[in-house]
Amino acid sequence: MEINLGKLPFDLDFHPSSALVAAALINGDLQLYRYGADSLPERLLQVKAHDESCRAVRFVDSGRVVLTASPDCSILATDVETGRAIARLEEAHE
């Protein structure tokens, strides 16, 4: 399996129970893909998560939420089902 993300990924995380992978990209985007052994990867969502690069990505809350972090010191929580922002914390880290 190969996924062309279009931009350089900084981080990847696999969903804890589904065939999903999240990618944090250098341009600040979060991408979510469904993958399978017998099918091509399917992009489920692309979110402009941060103005600067998206440096970290993690599934939390049993995979219902994905968190991203950026060097602009923000953290974004995104709903995996809808792609909507749940919360954004500014100045959340050093």
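The values are calculated or read from the model by the stated rules, or taken from the named source; none is laboratory data. Note that the coordinates shown come from a computational prediction; the quantities given were computed from them, not determined experimentally. Don't worry about glycine lacking a Cβ; one is built from the backbone with ideal geometry, like all the others, and counts go over all protein chains shown. Heavy atoms of the whole protein, side chains included, go into the accessibility calculation; ligands, DNA and RNA do not. Shrake-Rupley method; radii C 1.70, N 1.55, O 1.52, S 1.80 Å.
At a glance:
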read-out: Qualifying residues in region 66-79 (those that are over 18 Å from LYS7 (Cβ atoms) and either among the acidic types (Asp, Glu) or open to solvent by 20 Å² or more (accessible area, probe 1.4 Å) (or both)) - the one modelled with the lowest pLDDT; value: CYS73
read-out: Every residue from region 48-88 that is basic (Lys, Arg), within 22 Å of SER18 (Cβ to Cβ) and part of a loop (DSSP other than H, G, I, E, B); value: ARG64, ARG84
read-out: One residue from HIS50, HIS15 being surrounded by 12 or more Cβ atoms within 10 Å (Cβ to Cβ), on the phi < 0 side of the Ramachandran plot and touching a helix residue (DSSP H, G or I) at 6+ places or on another chain (Cβ under 9 Å); value: HIS15
read-out: Residues of region 11-30 that turn out to be farther than 11 Å from THR68 by Cα, in a strand (DSSP E or B) and without any contact (Cβ under 8 Å) to a residue 60 or more places away in the chain, as a count; value: 2
read-out: Failed condition for GLN31, given (1) farther than 19 Å from VAL80 by Cα; (2) under 11 Å from the mean Cα position of the chain (by Cα); (3) of a type in the set (S, T, N, Q); value: (1)
